[in-house]
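Data block below; observations after.
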Amino acid sequence: MRPRSPGLFLLLLWGLQAESQEEVRAMVGSDVQLRCIYPEKNSFDLNDLYVYWQISMAGKGNVDSVVTYHLSGNSSASHGDNHYKDRARLSLDSMKQGDFSLHLRNVTPQDEQKFNCLVFRKSLELKKILEVAVTLHVAANYSMPVVSGPSQDEELTFTCTSTNGYPRPNVYWINKTDNSVLDSALQNNTVSLNARGLYDVVSVLRIGRTPHVNVGCCIENVLLHQNLTSGQTETFTGTKDSITEDPVDGSHSGKHQQVFSVLAVLAVIVLLALATGWLCRSRCPPKSYTGAQVARPELALAGDSRPAAAWYRSRFTPEACPRGPSWRMRDAAC
């Protein structure tokens, strides 16, 4: 019996079990080779071979879909599923040497499938000579997560976004003060497929107001063993009723500006003090020192408006005290 179509030939493969299994990882957009090699060194006639690569259709039980195939008597391989047209191919020269590997171009997230390689020989009454199962795991790097917020409501709300990754990620929020993981009950994650078949992530964190908050968002790609943590640090200081944002970006320059402002004010104050002292010295010349002076009593006599010291000197000057018999009394008065 000679099968003339992939659908008819698939009926002969019912119940076959894979003899060997492999796992392969590939990045979205890259090319990959799914290996299916005859274990013994041998050469094959292409007219004696039936080669099939197929996948199981999700949700359709045991129904399989052909990716590409080669039938005895065909000059080249053909394609079954239109999704793999111009992307999946077999090498005729390699198959002559027992290498039936599938070359898949431009890997997409939909290619994450279990591929089965089946090889039969016509001359052996369609005896199966090789069966290999290859599971293809597809991955794509997520963008670096970006954290925005918080909102100024009764609680602090932070939002983390990351796009174009595969497979579905794990999302964590981290207290960057001690690198502890915050309770997952505080976050709400939304993961959706975009037009490219990749995942976009939006995670919202809600926490109560505290005097100091320093959080980061982590996107984990399990398949790539990769953790991406937001490079932006959100730091807020203040009281429960008044919280002031103090972002890391530009914090050093802001502190330097404050220091320069204080120094400038101090310099102006010093210059004003020096200028005031110079003006005072220039307008107020210093007095000469004449020595200690004896304080004289200032007495006033009734009926005389002149100071007592002036009146006293006018009465008892040396000229007003001629020597006479009563010189002792005069000298005492003078």
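The values are calculated or read from the model by the stated rules, or taken from the named source; none is laboratory data. Remember, it's a predicted structure, so these values are computed and weren't measured experimentally. Counting neighbours? That spans all protein chains shown, and the Cβs are built from the backbone with ideal geometry, glycine included. The area values use the complete protein model at the heavy-atom level, side chains included, leaving out ligands, DNA and RNA. Shrake-Rupley method; radii C 1.70, N 1.55, O 1.52, S 1.80 Å.
Remarks
- Counting only protein heavy atoms and a probe of 1.4 Å, the accessible surface of the range 22-139 is 42% carbon and sulfur.
- Inter-label distance for SER56 and ALA273, nm, one decimal - labels placed 7 Å from Cα along Cα-to-Cβ: 8.8 nm
- Spacing of the modelled spin labels on ASN82 and LEU124, each 7 Å from Cα toward Cβ, amounts to 3.7 nm.
- Charge tally around VAL24: other residues with Cβ under 14 Å, Lys/Arg +1 each, Asp/Glu -1 each, net -2.
- Accessible surface computed residue by residue for the range 146-235, with neighbouring protein chains in place and a 1.4 Å probe, gives 50 Å² per residue.
- Extension gain for SER261 to ASN189 (0.36 nm times residue separation, less C-alpha to C-alpha distance): 21.4 nm.
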